[in-house]
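The values are calculated or read from the model by the stated rules, or taken from the named source; none is laboratory data. Every value quoted in this text rests on a predicted model; they were computed, and no experiment measured them. Positions of Cβ are generated from backbone atoms using ideal geometry, with glycine treated the same way; all protein chains shown enter the neighbour counts.
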Amino acid sequence: MRTASAIASDVRSGATTARAETEAALSRIAAANPVINAFTDVVGERALRTAEAVDAAAASGRALGPLAGVPFAVKNLFDVAGLATRAGSRINRANAPAGRDAALVRRLEAAGAVLVGALNMGEYAYDFTGENCHDGPSRNPHDTQRMSGGSSGGSGAAVAAGMVPIALGSDTNGSIRVPASFCGLFGLKPTYGRLSRAGSFPFVSSFDHLGPLGLSAADLALAYDAMQGADPDDPAQAARPVEPVAIAAEWGGLRIAVAGEYFARGGAPEAFAAVRLAAEALGASEVVEFPEAARARAAAYVISAAEGAALHAERLRTQADAFDPAVRDRLIAGLAIPAAWVLQAQRFRRWYRDQVRTVFEKFDLVLAPATPIRAPLLGQTTIELDGVTMPLRPNIGVFTQPISFIGLPVAAVPVWPDDGLPIGVQLIAAPWREDLVLRAAGRLEELGVARVQR
C-alpha cells in the first residue's frame, strides 16, 4: 500500500488516475475484509463517482487538491450521506440514513480524497479492544488472532491491512492511539476543539476528539491540514486560525523529556523499550512528572461513565437488551455515580490542566508509552503487569487517559523494539502545537525508529 502523499502526487502528475486508485482500493477491500472485518459499509458507486469528478477536474486543467485521488474510510460514528450512523451499535442501525456527510468527510473530499466506506468500531466508542459483539471483531493484520485496539479498531485494521492509506477515528480516552499502537500505525489526536466534530455520534462530549490514522507522519499532516478550519456547528471548537504543518521544517532546538513516575511503571518491558528508542533518537535525556496522573485517570473514568450514561439513559431504559452486555453494564453503573463525584472530578481536571501546563513551560515535547502492552489475543480478558493479574479492557488506556483528559495534542508513532509486534509511543505537546508532535513523528520516521510495516 502506497502512502497518501505518494498517491496524491501521482494523481496530480498524471501518472495515475483517481479512478484507478479507487478501483484498486475497492479490490483490496473485497480481498482483505472478509478476514480482517474492518469495513461495515462499502460505498463503491459513490467512490467511483467522486473519483471521476477528480479526474474530470484534472482533464479540464483545474488545480487538484492536496489529497487528490486518495481513498479513505471513516469510523462508523461519522455521518455518511445515505448510511445509518451505527456508532458500532445494533440500535442505531435502525435510524434513518444520514442526510449529509460529517464535516471532516466533506473537508477531505474537498481536498480531493475519495470516501470508500465506513468502519467497524466498539459499541458507542466505549471500548479499547476493537471487539464488537454485533459486527464481530476487527482483526489485527499483523496477527489475525489479535486485537486491533479500540474503539477505532476498524480504522486501524483497514490502514494496517493496506485497504486504505488514511482512515478517520475518534479518541475520547485513547481510541486513536490504542489502534495505532496495536496495529503499528501513525495516529493523531489533535488538541480538544481543534477539528470539527459536527456530524459525528458523541461518546463523552467534553473529551471527544476526531483525527486520522495513516501510514506516515506526512500523511497525518496532509489529512490534518485539510480538516482544519472553523465550524460553528461544533460548539466545542475553539476559534483558531488554520495553521498548516511544516513537517519537513528543520529539526533541532526543541526541549524534549520523557514522562516518568506514573508513565514509567505498570507496563510491559517492550512499552518502555520503545520509549527509550524514541528518546535516544530525539535526544531526550530529562525525565518529567505529570503530577497526579493516576488521579487524572480515575477522574477521567468518573466523567466518562457519567457523561456516557447520561447520553444513553433513554436507550438503556427502553432497549437495554440491544446493547453489548459489557457496554450496557458500564453505562448502567455510570447512572449511579453521584453528582458530587462528577463535580469533584471536573474541579480536579481544572487543577490538573494547570499543573501540566507548567511542564510545557520547560519542555516542548514529552514522550510516553501509548499502551502498556502489545496487541492482546482476541477474547483475552486479563493481563499480568508487574506480577499482578488485572482486567484487560480498562487497563489498555492506562497511559492515554491522563492525556486526553485535558485535551493535549498527541501523535502516536509505531516502534518495533524487537522482532515481535509493534507498540506505540506518544509524542505529547502543549495545546495547539500539533506542528511539534507531527514534526517529531516525521523525525522518528526519517531516522527509522518509527515505521509502518507494509
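Do we find that Gly229 is more than 25 Å from Gly308 (Cα to Cα), outside any strand (DSSP E or B) and small (Gly, Ala, Ser) in this structure? Break it down stepwise before answering.
Numbers: more than 25 Å from Gly308 (Cα to Cα): yes; outside any strand (DSSP E or B): yes; small (Gly, Ala, Ser): yes.
Yes: the conditions hold for Gly229.
Please pick out the residue among Ala268, Ala298 that is surrounded by 13 or more Cβ atoms within 10 Å (Cβ to Cβ), out of contact with any Lys or Arg (no Cβ under 9 Å at 6 or more places or on another chain) and either without any contact (Cβ under 8 Å) to a residue 60 or more places away in the chain or not assigned by TED's automatic domain parsing to the domain that holds Glu123 (or both). I'd like the intermediate steps shown before the answer.
Working: Ala268 fails: out of contact with any Lys or Arg (no Cβ under 9 Å at 6 or more places or on another chain).
That would be Ala298, the only listed residue that is surrounded by 13 or more Cβ atoms within 10 Å (Cβ to Cβ), out of contact with any Lys or Arg (no Cβ under 9 Å at 6 or more places or on another chain) and either without any contact (Cβ under 8 Å) to a residue 60 or more places away in the chain or not assigned by TED's automatic domain parsing to the domain that holds Glu123 (or both).
From (1) of a type in the set (A, V, I, L, M, F, W, C); (2) assigned to a loop (DSSP other than H, G, I, E, B); (3) in contact with a helix residue (DSSP H, G or I) (Cβ under 6 Å, 6 or more places away or on another chain), pick out the condition that doesn't hold for Leu104.
Just one mismatch for Leu104, condition (2).
Show the residue pairs meeting these rules: Cβ distance below 6 Å; 6+ apart or different chains; first residue within the range 215-228 and closer than 16 Å to Val413 by Cα; second residue hydroxyl-bearing (Ser, Thr, Tyr).
Filtered contacts from the range 215-228: Leu215/Thr3; Ser216/Thr3; Ala218/Ser5; Asp219/Thr3; Asp219/Ser5.
Would you mind stating whether Gly130 is in a helix (DSSP H, G or I), touching a Ser or Thr at 6+ places or on another chain (Cβ under 7 Å) and either at pLDDT below 95 or not basic (Lys, Arg) (or both)? Can you show your working first?
Numbers: in a helix (DSSP H, G or I): no; touching a Ser or Thr at 6+ places or on another chain (Cβ under 7 Å): yes; either at pLDDT below 95 or not basic (Lys, Arg) (or both): yes.
Taking the combined requirement at face value, the residue does not satisfy it.
Could you check, for the range 426-434, whether at least one of its residues is β-branched (Val, Ile, Thr), in the same structural domain as Arg353 (by TED's automatic domain parsing), assigned to a strand (DSSP E or B) and modelled with pLDDT of 95 or more? Explain how you work it out, then say what you get.
Of the range 426-434, the ones β-branched (Val, Ile, Thr) are 428.
Restricting the remaining residues to those that are in the same structural domain as Arg353 (by TED's automatic domain parsing) gives 428.
With the extra rule that they be assigned to a strand (DSSP E or B), the set shrinks to 428.
Subset that is modelled with pLDDT of 95 or more: 428.
Yes: the range 426-434 contains one or more residues that are β-branched (Val, Ile, Thr), in the same structural domain as Arg353 (by TED's automatic domain parsing), assigned to a strand (DSSP E or B) and modelled with pLDDT of 95 or more.
Just to be sure I understand, how many residues within the range 232-287 are of a type in the set (Val, Ile, Thr) and assigned to a loop (DSSP other than H, G, I, E, B)? Break it down into steps so the answer makes sense when it comes.
Kept after step one, since they are of a type in the set (Val, Ile, Thr), are these residues of the range 232-287: 242, 245, 247, 256, 258, 275, 287.
Filter again for assigned to a loop (DSSP other than H, G, I, E, B), leaving 242, 245, 247.
Counting residues in the range 232-287 that are of a type in the set (Val, Ile, Thr) and assigned to a loop (DSSP other than H, G, I, E, B) gives 3.
Since Ala246 meets every condition but one in (1) within 24 Å of Ala274 (Cβ to Cβ); (2) over 20 Å from the mean Cα position of the chain (by Cα); (3) touching a residue at least 40 places away in the same chain (Cβ under 8 Å), which condition does it not meet?
Here Ala246 clears every test but (1).
Would you check which residues across the range 152-172 are touching a Lys or Arg at 6+ places or on another chain (Cβ under 8 Å), of a type outside the set (A, V, I, L, M, F, W, C) and crowded, with 24+ Cβ neighbours inside 10 Å and list them?
The answer is Ser152, Gly154, Ser155, Pro165, Gly169, Ser170, Asp171.
Tell me which of these Ile403 doesn't satisfy, since it passes every other one: (1) part of a helix (DSSP H, G or I); (2) free of Cβ contacts under 8 Å to residues at least 12 places away in the same chain.
(2)
Could you grab me the full set of residues in the range 259-293 that are under 26 Å from Phe207 (Cα atoms) and over 22 Å from the mean Cα position of the chain (by Cα)?
First pass over the range 259-293, keeping only residues under 26 Å from Phe207 (Cα atoms): 259-267, 271, 275, 288-293.
Scanning the range 259-293 gives Gly260, Glu261, Tyr262, Ala264, Arg265, Gly266, Val288, Glu289, Phe290, Pro291, Glu292.
Could you tell me whether the range 34-57 includes any residue that is under 17 Å from the mean Cα position of the chain (by Cα) and buried (at least 19 other Cβ atoms within 10 Å of the Cβ)?
Start the filter on the range 34-57 by keeping residues that are under 17 Å from the mean Cα position of the chain (by Cα), which leaves 38-39.
Next cut, buried (at least 19 other Cβ atoms within 10 Å of the Cβ) only: 38-39.
Within the range 34-57 (the criterion being under 17 Å from the mean Cα position of the chain (by Cα) and buried (at least 19 other Cβ atoms within 10 Å of the Cβ)), the answer is yes, since at least one residue qualifies.
Please enumerate the residues belonging to the range 17-47 that are among the β-branched types (Val, Ile, Thr) and over 9 Å from Gly69 (Cα atoms).
Initially, the range 17-47 is screened for residues among the β-branched types (Val, Ile, Thr), giving 17, 22, 29, 35-36, 40, 42-43.
Correct list: Ile29, Val35, Ile36, Thr40, Val42, Val43.
Among the residues of the range 307-331 satisfying the criterion of being within 26 Å of the chain's Cα centre (by Cα) and more than 15 Å from Val204 (Cα to Cα), which is surrounded by the fewest Cβ atoms within 10 Å (Cβ to Cβ)? Before the answer, list the steps.
To start, the set of residues in the range 307-331 that are within 26 Å of the chain's Cα centre (by Cα) comprises 307-312, 323-331.
Those still in the list that are more than 15 Å from Val204 (Cα to Cα) too: 323-326, 328-329.
Numbers: Phe323: 24, Asp324: 21, Pro325: 10, Ala326: 16, Arg328: 20, Asp329: 12.
Filtering first and then ranking leaves Pro325.
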